[in-house]
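Every number here is computed from the coordinates shown, using simple stated rules; none is lab data. The structure presented is a predicted model; accordingly, all values stated were derived computationally and were not measured. No Cβ is skipped: glycine too gets one built from the backbone with ideal geometry, and neighbour counts run over all protein chains shown.
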Number of protein chains: 2
Amino acid sequence: MSLIVQKYGGTSMADPRCIAMVAERVKRAKEEGHDVVVVVSAMAGETDRLLSLAHALNDNPKPREYSALLATGEQASTALLCIALDKLDYQARSFTGLQAGIQTTSEHKKARIADINTKALRASLAKGEIPVVAGFQGVNTEGDVTTLGRGGSDTTAVAVAAALQADECQIYTDVDGVYTADPRIEPQARRLAKVTFEEMLELASLGAKVLQTRSVELIGKYRVPLRVLSTFSEGGGTLVTFEDDTMEQPLVSGIAYNRNEAKLTVLGVPDVPGVASQIISSVSTAGIDVDIIVQNIAYNGVTDFSFTVHRDDYQRALAILGETAERLGARVVLGDNKIGKLSLVGVGMRSHAGVANTMFATLGEEGVNIQMITTSEIKISVVIEEREIDRSVRALHKAFKLDCEPVVEMDPYREKERTL
Amino acid sequence: MSLIVQKYGGTSMADPRCIAMVAERVKRAKEEGHDVVVVVSAMAGETDRLLSLAHALNDNPKPREYSALLATGEQASTALLCIALDKLDYQARSFTGLQAGIQTTSEHKKARIADINTKALRASLAKGEIPVVAGFQGVNTEGDVTTLGRGGSDTTAVAVAAALQADECQIYTDVDGVYTADPRIEPQARRLAKVTFEEMLELASLGAKVLQTRSVELIGKYRVPLRVLSTFSEGGGTLVTFEDDTMEQPLVSGIAYNRNEAKLTVLGVPDVPGVASQIISSVSTAGIDVDIIVQNIAYNGVTDFSFTVHRDDYQRALAILGETAERLGARVVLGDNKIGKLSLVGVGMRSHAGVANTMFATLGEEGVNIQMITTSEIKISVVIEEREIDRSVRALHKAFKLDCEPVVEMDPYREKERTL
């Protein structure tokens, strides 16, 4: 008998019909002989409903009350799922973050889980019950309800799985796993039976919205075996693994993209120490997050400095950068908010330098101009025109043969892992 | 400086506009120099929304999860009001039942408040904050969230006021006080500046839905000075008093009615000990609440036995009574679900037997036939045809001159009490 932590997101809990389906899924795992702990999000739309009420009253709700308000959404979900499980004659018990022993740091809207006292959850499991835990929330040392930031239910699930040393953490969502590319853009996109932890981390931070980045970090920290599955269809989903046998890895696992960025460039920056810091700090002290940063080598004592920000922050960043550039004696500031970021992710890339070459050649053949390039050990990202994203995804998907199952995936050892 | 507990019901918290009005009311009490603790209900419609979700999943939700679900409605209200108060630059802090130290008995849907640990509330007041407490809920010794039964926010407010020894408990609702009769029926109905505790208890149990019966019982137990006020209009509301100086009381304070009852009669019941018990127990063991019971003296060894139940229970009660009557050898069972109950309430009645006489004479002149009569020290109730309720209310209102302010109300001592 295994212990499984299952997490169901907002779309899985959208209405009574969906909640009844979730109850059936939980029941199936119980019938297979597993112990199950469930973590749930608020019903789809509920968090936005509560937020709009709050914002109708106050543009800037206090974090403590913001958390107290939003936490009710997940609490209602836990009770509703227990009511549905009871209908199927399964004993279930709802847990608020507090009742589940989820202790967090004290900040309210972006609290981090500090510790989980699993006593109450273990006692419930020992009675044969199905504990149903409110995701996204905890309690700080002052006894205030805290929230983990949006999407934090994934983090709750991984943390609960780690604390209970669960055999598997299953993230149920409205997609049935991690794909080689967005299936809405590339119909040939194929579900990956497994991805490595590092790949998942890159994919999450690149905006492939299957898992929240912080939950992926926790997976790595506690080595929680995690699987992404669909609530609404069958299939083994995608397993996140921790093996590092590069030889067996496909070169490229998937293609991610992001349309939410804007690019800013300062031309003719003096090539002296501290300049990069001055540019970035002027933007980040304004609370603007910077994603890609590119600086090329200097020529004639000046250099060009580029970075990307979220598109919503574009106008503010442009204004700030104008002042900074003037102070630095830079020549001119350029900006473009019609860009997109495209990334190839794959652990196999580490030992195959040819990936970048194939990527650039493919984009060149498509007539797509590359504006910026950054690389990490297992990722290559390029910034291109936004309108060229779809075409580029399809071309790269074909170039790297992502529609075909790689040979290594046929290994029977891997097949075994795919089913619990 | 006084300490005031203010309670706002669901219609007062119906939407952001209403919540902002509530915040303004709280602000006004603070500006007058009072310490204020606020107790809130769920937004109007929210409890029903949650219930319909639960019932879509399960006809019979478990009480523990039922409570956990419904309690979220009040919790959201507390946070929203704090967010609105913050907008007005007042420091407020939301409290769940647990955080407010409201310890209840263990039953989930009809828990009773066992104790309130006021430490956290007092600490918040000491910091100059406005504590905003979730009504209708508490926590039992197992740490489960419990609910007090619908309308229980009134009970929370009175209990919090008692525990904090507040100077006044103010119940804000959508009517501006207790009236001599339902103003929708009798346009001349007059708001009472004060009613005695006993009158309020009769009025609450008669279905004048201003205060929940159990909260009125608590008022009496702890002698909490309580005032009923409107959120949406100005005025001193109605003060519930504990004085018992009958000489100064008007004969009749108000007229209450109820259209939700049905009448059942067993004719020809053998006049032997234990018969009444057998009839009533057969109905009450089926979970049906009985209101009025009337049995007249026996004649020729048999008697007639009548009682009223809620109209929703009429068909079930009729079926049960048929069996019971057969077992008892009673002659026949009659029923009528088109009846109404009309009651005169007034502490002054105690010493003025003429009230009943005037009541019966007035109804007789109107051609209204009285089917049943019951009396208590401060109340006379009659059962009449439902369609004659409105006419009877108006006739009695006139007969007892309820549209005129009684002379005793002009006493300056009373005026003083009316303003805090």
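A few remarks follow.
- For chain A, a/c is not less than 1.5, where a ≥ b ≥ c are the root eigenvalues of the C-alpha gyration tensor, and a/b does not top b/c. That puts it in the oblate class.
- Antiparallel bridges, percent of DSSP beta bridges restricted to the protein assembly as shown (to nearest 5): 60
- Each of B:PHE136, B:TYR257, B:THR180 was scored by the projection of its Cα onto the charge dipole of chain B, and the greatest displacement toward the positive side belongs to B:PHE136; charges sit on the C-beta of Lys, Arg, Asp and Glu.
- Ordering of B:35-42, A:19-26, B:252-259 by packing is B:35-42, B:252-259, A:19-26, highest average first (other Cβ atoms within 10 Å, averaged per residue).
- Cross-linked pairs A:LYS30/B:LYS109; A:LYS27/A:LYS127; A:LYS109/A:LYS379: Cα-Cα separations exceed 20 Å for A:LYS30/B:LYS109; A:LYS109/A:LYS379.
- Rounded if a/c under 1.5, otherwise prolate or oblate - the range A:3-244, Cα gyration tensor axes: rounded
- Between A:ARG184 and A:LEU3, the contour length at 0.36 nm per residue exceeds the Cα-Cα span by 61.7 nm.
- Only Lys, Arg, Asp and Glu carry charge here, each on its Cβ (+1 for the first two, -1 for the last two); on that basis the range A:3-244 has a dipole of about 300 debye about its Cα centre.
- Between A:ARG122 and B:LYS110, the simple spin-label model (points 7 angstrom out along Cα→Cβ) gives 3.9 nm.
- Here the protein assembly as shown is assigned +1 on the Cβ of each Lys and Arg and -1 on the Cβ of each Asp and Glu. Its dipole about the Cα centre then comes out at about 180 debye.
- Rg/Rh for the protein assembly as shown, where both radii come from Cα atoms and Rh is the Kirkwood radius: 1.10
- Taken about its Cα centre, the range A:180-336 carries a charge dipole of about 360 debye when Lys and Arg each add +1 at the Cβ and Asp and Glu each add -1 at the Cβ.
- Amide hydrogen neighbours beyond the local backbone of B:GLN170, cut-off 5 Å, H modeled: B:VAL5, B:GLN6, B:LYS7, B:ARG227
- Test item: A:85-91 mean partner chain Cβ contacts at 10 Å: 3
- For chain B, a Gaussian network of Cα nodes joined below 10 Å ranks B:ILE384, B:ILE288, B:ILE102 by mean-square fluctuation, and the top entry is B:ILE288.
- The range A:22-50-the range B:277-352 distance, computed between alpha-carbon centres (Å): 49
- Once the C-beta distance of A:GLU24 and A:LEU51 is scaled by a Förster radius of 45 Å, the resulting FRET efficiency is 0.90 to the nearest 0.05.
- Closest-to-axis residue of chain A (Cβ criterion, axis taking A to B), whole Å: A:THR72, 2
- Taking chain A as a Gaussian network of alpha-carbon nodes connected by springs under 10 Å, the highest mean-square fluctuation of the residues A:VAL139, A:VAL383, A:VAL294 belongs to A:VAL294.
- Antiparallel DSSP beta bridges within chain B, percent to nearest 5: 60
- Highest mean packing first, where packing is the average number of other Cβ atoms within 10 Å per residue, the peptides B:44-56, B:5-17 line up as B:5-17, B:44-56.
- Peptide A:45-51 shows a mean partner chain C-beta count of 1 within 10 Å per residue C-beta.
- Screening chain A for DSSP H helices whose Cα atoms reach 24 Å or more along their own axis and whose mean Kyte hydropathy is at least -1.0 gives A:63-87.
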